[in-house]
């Protein structure tokens, strides 16, 4: 079993010391989705949601969330994020909104948590923007798709994300 790095020899939680690690380019991509009724999705695609531009506001919220990850997750390092992108796409087959967040940095630790936070905050914002129309929406399929850089190299998810998921590290 892999050693959990956020615990010391006595089992106490601690922030990992990354000062001895080399600075490398790092990238992580995460995904999430918000499942909703087709009539709620129509509010987004037709631009008639009462609170305004659902996808634009959610995109900004995801970017802002990625930059605040270390404030939200206790043992995350504050990182100099160099780029955040969020793609939010209506999907009638879900039905709902699919969200993909990619975060880049050059540093001593990865940006997986920043990408997951960006996707999650964007999904929560979609919910907030549309909750007056539908309270039963579901945030689903939040997971890491890919990470690059660092000692462990590249990790990329394989398989159908709507069903069985397996991950492989290069």
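Below are the figures for this structure:
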| item | result |
| --- | --- |
| Test: residue 69 is over 18 Å from residue 32 (Cα atoms), modelled with pLDDT of 95 or more and buried (at least 19 other Cβ atoms within 10 Å of the Cβ) | no |
| Residue within the stretch 106-125 that is in contact with a helix residue (DSSP H, G or I) (Cβ under 7 Å, 6 or more places away or on another chain), surrounded by fewer than 24 Cβ atoms within 10 Å (Cβ to Cβ) and part of a strand (DSSP E or B) present | no |
| Matching entry among 60, 86 (being over 15 Å from residue 96 (Cα atoms), in contact with a strand residue (DSSP E or B) (Cβ under 9 Å, 6 or more places away or on another chain) and surrounded by fewer than 19 Cβ atoms within 10 Å (Cβ to Cβ)) | 60 |
| Positions within the stretch 137-168 being out of contact with any helix residue (DSSP H, G or I) (no Cβ under 7 Å at 6 or more places or on another chain), modelled with pLDDT of 90 or more and closer than 14 Å to residue 33 by Cα, in sequence order | 138, 140, 141, 143, 145 |
| Some residue of the stretch 30-48 being surrounded by 15 or more Cβ atoms within 10 Å (Cβ to Cβ), within 16 Å of residue 79 (Cβ to Cβ) and within 24 Å of the chain's Cα centre (by Cα) | yes |
| Breaking point among (1) more than 17 Å from residue 139 (Cβ to Cβ); (2) under 12 Å from the mean Cα position of the chain (by Cα), for residue 21 | (2) |
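The values are calculated or read from the model by the stated rules, or taken from the named source; none is laboratory data. As the structure is a computational prediction, the values presented were derived from the model and not from experiment. Backbone-built Cβ (ideal geometry, glycine too); neighbour counts: all protein chains shown.
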